[in-house]
Amino acid sequence: MTDFSRLGVAAIRDGVANGEFKAVEVAEALNTRVAGAKALNAFIVETPEMAVAAAQAVDADRAAGKPLGKMAGVPIGMKDLFCTEGVQTTAASHMLEGFVPTYESTVSANLWKAGAGMLGKLNLDQFAMGSSNETSYFGNVISPWRRNDGGNAALAPGGSSGGSSSAIAARLCPAATGTDTGGSIRQPAAFVGISGIKPTYGRCSRWGVVAFASSLDQAGPMARDVRDCAIMLEAMAGFDPKDSTSLDLPVPAWEAALNSDLKGKRIGIPREYRLDGIDEDIAKMWDNGIAWLKDAGAEIVDISLPHTKYALPAYYIIAPAEASSNLARYDGVRFGLRDLPEGAGLQDMYAATRAAGFGEEVRRRIMIGTYVLSAGFYDAYYTQAQKVRALIARDFENAWASCDLILAPTAPSAAFGLGEKNADPLSMYLNDVFAVPASLAGLPAMSVPGGLDKQGLPLGLQIIGKALDEQAVLNAGLAIEQRSGFTAEAGEWW
Amino acid sequence: MSEYRIQGNTGEWEVVIGLEVHAQITSESKLFSGSSTGFGAEPNSHVSLVDAAMPGMLPVPNRECLRQAVRTGMAINAQINRWSRFDRKNYFYADLPQGYQISQLYHPIVGEGEIEVTLNEKDPDSPTKKIGIERIHVEQDAGKLMHDQHPTMSFVDLNRSGVALMEIVSRPDISSPQEAGAYLKKLRSILRYVGSCDGNMEQGSMRADVNVSVRKPGGELGTRTETKNVNSIRFMMQAIEYEAQRQVDLIESGGAVVQETRLFDPNKMETRSMRSKEDAHDYRYFPDPDLLPVELDDAFLEECRASLPELPDAKRARYEALGLTAYNAAVLTAEAETAFWFEDLLAEGVDAKQASNWLMSELFGALNKLGKTLDESPVNPKQAAELLGLVADGTISGSIAKQVFEMMLETGQGASAIVEEKGLKQTNDTGAIEAEIAKIMAANEDKVTEYRSGKDKLFGFFVGQTMKAMQGKANPQIINDLLKKALG
C-alpha cells in the first residue's frame, strides 16, 4: 500500500489524475498523520473534514471527466495567518482566539479552486513576528529534527512559518503555505531541510492575510522539493484587484519551464555575506553550493552588495513601524478579544485588551514601531531606514549588471534549541541577516536544502533572483537539489 | 478688503484667520471600499469588511473620488500634483476602526490655488480679495459614536467610516468674520458647480475647522487656536468673533493664548477648550504601505478639465454680456442651482432679461412665501417658460401672468390650461377698449381737463382704469396707443 505521507504535491496530483489512487485516500491518510503528531504542536486547528470534502469533490470531478486543477487532490496545511471562511483564524495570538472570518483570503481561495484541501491551520510566531515559533500564544511548535548528540533537546522549527516547516518535514502534509516578511518562509525551510520560495513582492495577493508589515509581507509555498514549490506557487499567485500592491501580470507556467541546465547563467557570490566568524559548516555548504551550480553550467562571479550590513537595522525599523499601525485595529471594539474591566472607559479598554491580547514580542515590536514613527524621531529612524532600503535595492540593481542570480546561505546557523535565544531578542533578530535584504528589495528568494551540519541538522542555501524571475530561482534550486543528494529525514520520535 | 479691527484697551487688534474645510466628496461609494455613501441609512448598514477594518482587509482607491478632488483643484486654478501619496494618521478612537485615518500629509493631490471673494456678491462695486488655498488633500471620514442608546455604553455607527473627504486648507489670508463667510460661501458655490460636494452643512457634508489668532496691525503673528467642526456659515462667523475677542481680552489682561483645539457652542455662542497642545496626539504619520502612490496621466487630467462646467465668475461675465445687470448676473450665478434654472429657461427660448427679472422677483418671491428652496419649487423651468411665452407673444399681460403663476403654484396646472379655462386671454379688440375709454373719460371729465392742461402723470390713472374695466385682459400697448389718441 502506498505510504501517502511520502508523496509530494506532483506525485499526489499525478496519482489522482491517473487514477492510481483516490484523493480521499490521501486526505484520510494525512488526516491520520496530523492527528498522530500532536507532540509537534504544528497545528492550531485541525480540519480533517475539510480535507476529505475537498478530496471527494476532486474524486467526483475526475469521475465526471471534468478537468482537474493544478493542486487537485493535494491536502495542504494553511498557515494560520490566512483568513479562512468559517475556520478560526488567530495569527497565533490570544487577541484573535475564537475569531472566525466570514471571508476567505485570496491565496487560500486560489488554492481551493486549484483542488487543494485543508488539513488544518498551522501554528506560527504570533502575528508572524519571530524566528523560532516561540512567540505563539498556542505554544511553540517543535521541529521533528534532533541533534545527533543523542540528546533530546527540542529544536526550533524556525519562524515565523514554523508550523508549516515542521509539518512538512514530519510528513504530515506534502506542502503548506508560508508568509515571508523578513525570512519567514526561507529560514524555517532551511531549519528543517525543505524548500520554500518567497516570490517577487506583489505576485501573491495579501488580501485576507493578517498583516504584519504590508510593504514586505509576501505569501509563498513550502514543500519538500522545488517542483512542488513551483506547482503550488502557480496556484497561489495571480493579480488581485482587491490588493493595490498586487502585480497585474499573468502567472508564468513555472513548473513546465523547470530546467536545471544553467549554461549561460552567472551566479553572484556577495562578499559581504561572508561575515567574520561565519559558521564553518555554513561556509562549507556555501562552497558546495557554488560547486553544484558550476557543475550545472553556471558561471560564478564575485559581487558586492555594499549596504548589506545596514539591511537588518533598516528592516527592524520599517517592519515594526508598519506593524505598529497595522495592529492598531486590534482594539477590542469590533472583533477578537475585549478586556473591559469593571467601570473602565475606552482608553482603559484599549490598554487592558492590548496588554492581554498581544504577546511580549508583539508588544515589543509595536513599541519599537511607535517609537520610530514618533514626532522628533521619524526622520532619524523611519526616513533613514527608507533611504537604506532604496540603497539595498540599488545594490541588487547594480549586481544584476554582472550576474543573474545570487547564492548565499539562508540563515547563519542550523536550528537552535527552543529557549536558547529567548533571552536576547537581538541574537534572535540576527537569524534574519541573510534573508532580510531580498525582502527589503522585494525580490524572489528561495531556500533549498544544502546539507547537514556537524550536529546532523539541515542547512539551507538561498537563491535570490531578479524581480519577476522566479523561473531562474526555481531552476537554480532544482540544479542544487539534483546535486546535493539531500535525503536526510528527521526520525519519527513523536 | 475690509478693515476689521477689534478695539482693545491697548489699541486696535487685527484678526488672522485660516480655514480648513472638510467637504464630503460626491461619490456613489467610499474612498477605499465599495460601500454606499448614502446619508441617513440604518446604522451600520453601509459597512464593508474594509470599512470595519477586519483582519487582512486592504484599501483600494476609488478613482472617482480622486477625479472629483482634481476637478475641484482645477476649478480654483490650483496646481495638480501628478504624483501624490496616501499617508496614515495614527490614533485610537472607537469610531476609527483601522486605528488610523488614511489621509495625505506629505504629498497632497492638489497644491496651491486661490479663490477670489467679494464681501457683497450682489454689489458689483464691492471690493474683491484673493484668498490663497494651500492644498487640497483627500482622506477618509470616521464613523460616529452614539451616546444615547444605552445607559452605560456608547454605540458605534460605521456608515460614514471611509467616506471620502476633501480637506481644503486656506492660507491665513482671511481677516474678518465677513471675509470668512464670503470665502466659505464662494467655496461652497464652486464645489456645487463642480459637483464634487453637495455643500450641505446641515447634513455634515461640509464643515470647517477655524484657525484664529490676533495681532497688533502689521505685527508678528499671534498664537492660534483651532475651533473644530463648525457646521454653518453663521456659526463660523460667530465663533471667529467670539474667539478673536476672547484672545484680545486674554492678552490685554496679561494672559497668553495657548495653542489648543476648541469647540464652538452655538447655544452659548462661545468657544470652549477641547484639548491643549500638550494633550495633542502624536499622529505618527507615515506613507500607507498598502497603497501605491497616485499617479495621474495626461488623459485623466484632460478628462477632468474637459468635464469642468462653466464656473461662477465666467458665468457672471457671460450673463452681463447677455444684457443682464451686474446685480442680476451676480445673484443668478451665486448658486449653481439658480444659474442652472436660469439657463433652463433660456434653453426653453425665454428672453434673458425676461427670464432673469421673472426668476428674481416672481419665482424667488413665491418660494420665499412658501418657505421652499429652488430645488423644491412646485413649478419647473419648462412650466415657467410656458407662462413667460404667453406673456412674450402677447397672449396674456404681465399682471395676468402674476395671477396665472399663483394658480399654477396652487393647482399645479399648466399656464396655457389656466389661461384657457379662466378665459384670461388678452384682448386686442380695439372697439371694446375704445368703448371703455370713452366711458372712463366721460366719468372723469375733471381729470381729462387736468391732463390736457399738462398734468401728464394722470396718464397712468387712465391706463389703470381702462385695464380694470377690461378685467386686466387688454393688451397694455393697445391701451396706451388708444388712450394717447383719445386724450389728445
Exercise. Expressed as a whole percent, how much of the Cα-Cα distance distribution for segment B:332-488 exceeds 26 Å?
Worked result: 39
Exercise. Where does the Debye-calculated log10 I(q)/I(0) of segment B:357-439 sit at q = 0.18, 0.19, 0.20 Å⁻¹, using only Cα point scatterers of equal weight, no solvent?
Worked result: -0.75, -0.81, -0.87
Exercise. Can you list residues whose amide H is under 5 Å from A:Ala219's amide H, if they're 5+ apart or on another chain and H is modeled 1.01 Å from N?
Worked result: A:Asp180, A:Cys204
Problem set entry | Counting all C-alpha pairs of segment B:103-259, share separated by more than 19 Å (%) | 63
For this session: Please list, or write none, the lysines whose alpha carbon is within less than 20 Å of the alpha carbon of B:Lys455, excluding same-chain residues fewer than 8 places away.
Result: B:Lys447, B:Lys484, B:Lys485
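Inverting the mean 1/r over all pairs of different Cα atoms, compute the Kirkwood radius of segment A:253-295 and quote it in Å.
Mean inverse Cα-Cα distance, inverted, gives 12.5 Å.
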Exercise. So what's the Cα pair-distance distribution over segment A:353-393, bin width 5 Å, in %?
Worked result: 6, 22, 19, 17, 16, 12, 6, 2
Problem set entry | Whichever aspartates and glutamates have a C-alpha closer than 17 Å to that of B:Lys422, once near sequence neighbours (fewer than 8 apart) are set aside | B:Glu386, B:Glu406, B:Glu410
Exercise. How long, wide and thick is segment A:12-112, going by the Cα atoms along their three principal axes, in whole angstroms, largest first?
Worked result: 45, 30, 17
For this session: Report, in deg cm²/dmol and to the nearest 500, the calculated mean residue ellipticity at 222 nm for chain A, where each DSSP H run with n ≥ 4 adds -39500 (n - 2.57) and the sum is divided by the residue count.
Result: -11000 deg cm²/dmol
Exercise. Direction-averaged shadow area of the convex hull around the Cα atoms of segment B:265-332, nm²?
Worked result: 11.3
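From the C-alpha coordinates alone, can you work out the Kirkwood hydrodynamic radius of chain A, in Å?
Every distinct Cα pair counted, the radius reaches 22.3 Å.
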Exercise. Can you list, bin by bin at 10 Å, the percent of alpha carbon pairs in the protein assembly as shown, starting at 0?
Worked result: 2, 10, 16, 17, 14, 11, 10, 8, 5, 3, 2, 1, 1, 0
For this session: Report the accessible surface area buried between chains A and B, summing both sides, using a 1.4 Å probe on protein heavy atoms only, in Å² rounded to the nearest 100.
Result: 2800
Seminar exercise, completed: Mean per-residue count of partner chain Cβ within 10 Å for B:92-98 equals 5
Seminar exercise, completed: Given pairs A:Lys387/A:Lys454; A:Lys70/A:Lys121; A:Lys387/B:Lys30 and cut-off 30 Å on Cα-Cα distance, the over-length ones are A:Lys387/A:Lys454; A:Lys387/B:Lys30
Problem set entry | Volume of the Cα convex hull of segment B:318-362, divided per residue and given in Å³ | 64
For this session: For segment A:354-369 and segment B:193-214, write down the distance between their C-alpha centroids in whole Å.
Result: 40
Problem set entry | Helix B:430-443 axis, angle to chain B major axis (alpha carbon atoms, nearest 10°) | 80
Seminar exercise, completed: From the Cα centre of segment A:1-29 to that of segment A:130-172, the distance in Å is 26
Problem set entry | Computed log₁₀ I(q)/I(0) - Debye formula, equal Cα scatterers, no solvent, segment A:20-76, q 0.18, 0.22, 0.24, 0.26 Å⁻¹ | -0.60, -0.80, -0.90, -1.00
For this session: Roll a 1.4 angstrom probe over the protein heavy atoms and tell me the percent of accessible area of the protein assembly as shown that is carbon or sulfur.
Result: 50
Exercise. What are the lysines whose alpha-carbon lies under 27 Å from the alpha-carbon of B:Lys130, with same-chain residues fewer than 8 places away excluded?
Worked result: B:Lys122, B:Lys185, B:Lys186, B:Lys216, B:Lys228, B:Lys315
Seminar exercise, completed: So, for the Cα atoms of segment A:272-429, Rg and Dmax in Å stand at 21.4, 72
Problem set entry | Separation of alpha-carbon centers, segment A:54-122 and segment B:6-85, rounded to whole Å | 39
Seminar exercise, completed: Over all Cα pairs of segment B:33-185, the Kirkwood radius sets Rh, and Rg/Rh then becomes 1.06
Exercise. Based only on the alpha carbon positions, what is the Kirkwood hydrodynamic radius of segment B:1-69, in angstrom?
Worked result: 16.0
Exercise. How large is log10 I(q)/I(0) at q = 0.07, 0.10, 0.11 Å⁻¹ when the Debye formula is applied to the Cα atoms of chain B, each weighted equally and without solvent?
Worked result: -0.53, -0.89, -1.00
For this session: Just round it to a whole percent: the fraction of Cα-Cα distances in segment A:199-302 exceeding 25 Å.
Result: 44
Seminar exercise, completed: Sorted list, accessible surface of protein heavy atoms, 1.4 Å probe, largest first, for A:Met1, A:Met50, A:Met71 is A:Met1, A:Met50, A:Met71
For this session: With a 1.4 Å probe and every protein chain left in place, tell me how much accessible area B:His150 has, in Å² to the nearest 10.
Result: 60
Exercise. Considering the Cα trace of segment B:430-487, what is its radius of gyration and what is Dmax, both in angstroms?
Worked result: 10.4, 30
For this session: Arrange the peptides B:339-349, B:303-313, A:310-320 so that the one whose residues have, on average, the most other Cβ atoms within 10 Å appears first.
Result: A:310-320, B:339-349, B:303-313
Problem set entry | Residue order for B:Arg71, B:Arg188 - accessible surface, 1.4 angstrom probe, largest first | B:Arg188, B:Arg71
Exercise. Dimensions of segment B:310-422 along principal axes (Cα, Å, largest first)?
Worked result: 44, 31, 20
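The values are calculated or read from the model by the stated rules, or taken from the named source; none is laboratory data. Small disclaimer: the values here were computed from a predicted structure and weren't measured. Note that each Cβ is placed from the backbone with ideal geometry, even for glycine, and that neighbours are counted across all protein chains shown. Surface accessibility is based on the protein's heavy atoms, side chains included, excluding ligands, DNA and RNA. Shrake-Rupley method; radii C 1.70, N 1.55, O 1.52, S 1.80 Å.
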